[in-house]
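What follows is calculated from the coordinates using simple rules that are stated; it is not laboratory data. These numbers come from a predicted model, not from an experiment. All Cβ positions, glycine included, derive from the backbone under ideal geometry; neighbour counts span all protein chains shown.
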Amino acid sequence: MEFTLRQTRLKENLAAVRERIGRAAASSGRTMDDVQLIAVTKYVDAAISRDLVIAGCTDLGESRPQQLWFKADELEGVDCQWHMIGHLQRNKVERTIRLTSLVHSVDSERLIAMINTQAERLGTLVDVLLEVNTSGEVEKHGLTADEVMPFLACSDQWPHVRVRGLMTMAARGAVGSAARSCFAELRQLRDRLAGKCPANVSLQELSMGMSGDFEEAILEGATLVRIGSALFEGVE
Ligand SMILES: *Cc1c(COP(=O)(O)O)cnc(C)c1O
């Protein structure tokens, strides 16, 4: 198989990101297989997204439902999985859950109830993460830390949804230790709640870390990192 210049560049970027993931995982006593890379394709078109899959990255994420629908359609037949990582409105649930393997961004009971309703109708079980606002920024979506346990206590109302963990974003502009403290807060919340969860809930997964802060996130226990710009540097 011959690779285009763009595919070669994508492969190099992917290798560089994977190496950094591996190093951070090793520093946290894990291996790179313990940390799943989700490539966030929101800055690039469907053709580049497809080339990234060809370069070897099969988990893709979008923050806007319409973009996810569009690209999933364009990449029909390509062996990849989609992740919904941004705010999801209830009227977009049905179409979105048909296309995704994991919804990272459940932030209200109304949303999870709608996911449950649509999952039941489609005869599927939908895996989700609960988004937690660890930075306290008002413009960010997500439950507060205090809201998570009462939320989980209702989980038997949503038998067609499986909570697998938590997701967060660092404060805007936060780097280094400031970002890391948001990630530490999510991990500590998980550790506090893990033993008290209903049986149908798991808090195994922690989705945290983007291009500017994924190493800090991995050091704090991220199992999923959502990386966009670092994968597409120099790609056009
Ligand atoms: C855009 C986005 C990312 C990736 O951002 P980069 O800094 O480009 O890696 C990750 N998570 C969410 C929720 C996003 O919206």
Per residue of the chain, what 222 nm ellipticity follows from adding -39500 (n - 2.57) for every DSSP H run with n ≥ 4, rounded to the nearest 500? -13000 deg cm²/dmol
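What number, in percent, do you get for the relative contact order of the chain if the mean sequence gap of Cα pairs under 8 Å and at least 6 apart is divided by its residue count? Could you put the intermediate results ahead of the total?
Values: 454 pairs, mean separation 49.2, N = 236.
Reported relative contact order: 21 percent.
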For the chain, with only Lys/Arg (+1) and Asp/Glu (-1) charged at the beta-carbon, what is the dipole magnitude about the Cα centre, in debye rounded to 20? 180 debye
Relative compactness, the chain, computed as alpha-carbon Rg over 2.2 N^0.38 Å: 0.99
